[in-house]
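Only one structure is covered here, and it is reproduced in the block below.
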Amino acid sequence: MTVKYGEYLAGPVAHCMECHTPHGPQGPMLDTHLGAGGFVFNGPWGSTVAPNLTPHPEDGIADYTDEELKVMITQGVRPDGSHMTPPMPYAFLANMTAEDLDAVILYLRSLEPLPMPE
Ligand code: HEC
């Protein structure tokens, strides 16, 4: 299990970073805002802001345990019991193997801690 493998899964395979990075005119700003969140999705359910997935202490995932992250990623349920709305694809992500999930979490924890964009 390596950060590199997690990066591959979170990138081209499961597209976590595309949704969880703010978008500019050229698409997701992966070079400068990787994982910072803030992209707004509008749909029939209302609008949802993609959360920050960096280890930022206030805005990011620093306070979640690995177990809490796993439940959020595969079941769409936060530690406070609240359920996520679309388009977070947790039903699809539930198919990830335990090892792949560990690699993704390892990778997220390796990201540069960035604040949520304004
Ligand atoms: C199609 C876009 C999309 C993709 C792909 C996606 N997410 Fe999400 N994710 C979201 C949105 C939007 C939310 C917020 C849902 C809500 O608040 O109801 C979310 C919520 C989360 C949360 C909860 C964070 C928090 O603090 O509440 C985590 C953790 C997360 N995603 C991790 C991931 C990981 C890891 C992957 C890839 C394996 C991934 N997401 C793929 C859009 C996406």
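Can you name the residue in the range 79-93 that is among the hydroxyl-bearing types (Ser, Thr, Tyr) and within 15 Å of the chain's Cα centre (by Cα) and, of all such residues, is farthest from the ligand (Cβ to nearest atom)? This residue is Tyr90. Return the residues of the range 10-45 that are more than 12 Å from Pro87 (Cβ to Cβ) and of a type in the set (A, V, I, L, M); say none if nothing qualifies. Scanning the range 10-45 gives Ala10, Val13, Ala14, Met17, Met29, Leu30, Leu34, Ala36. Residue pairs whose Cβ atoms lie under 9 Å apart, sitting 6 or more positions apart in sequence or on different chains, and linking a residue in the range 11-25 that is of a type in the set (A, V, I, L, M, F, W, C) to a partner that is more than 10 Å from the ligand (Cβ to nearest atom) and part of a helix (DSSP H, G or I), are Met17/Glu7; Met17/Leu30.
On inspection, Gly37 qualifies as within 11 Å of the ligand (Cβ to nearest atom), in a loop (DSSP other than H, G, I, E, B), buried (at least 18 other Cβ atoms within 10 Å of the Cβ) and modelled with pLDDT of 95 or more.
Scanning the range 7-34 for residues that are surrounded by 15 or more Cβ atoms within 10 Å (Cβ to Cβ), within 12 Å of the chain's Cα centre (by Cα) and either within 10 Å of the ligand (Cβ to nearest atom) or part of a strand (DSSP E or B) (or both) yields a count of 9.
Scanning the range 56-83 for residues that are in contact (Cβ under 8 Å) with a residue 24 or more places away in the chain, outside any helix (DSSP H, G or I) and under 21 Å from Glu18 (Cα atoms) yields His56, Asp59, Gly60, Ile61, Ala62.
Checked against the criterion of being among the hydroxyl-bearing types (Ser, Thr, Tyr) and crowded, with 17+ Cβ neighbours inside 10 Å, the range 81-89 has no qualifying residue. Only one of the listed residues (Pro113, Pro86) is touching a His at 6+ places or on another chain (Cβ under 6 Å), free of Cβ contacts under 8 Å to residues at least 60 places away in the same chain and in a loop (DSSP other than H, G, I, E, B). That residue is Pro113.
Quick check on my filter: what residues within the range 46-58 are crowded, with 16+ Cβ neighbours inside 10 Å and more than 9 Å from the ligand (Cβ to nearest atom)? Those that are crowded, with 16+ Cβ neighbours inside 10 Å and more than 9 Å from the ligand (Cβ to nearest atom): Thr54, Pro55, His56.
The values are calculated or read from the model by the stated rules, or taken from the named source; none is laboratory data. Quick caveat, the model's predicted, so the values are computed rather than measured. Cβ: placed from backbone, ideal geometry, glycine included. Neighbour counts: every protein chain shown.
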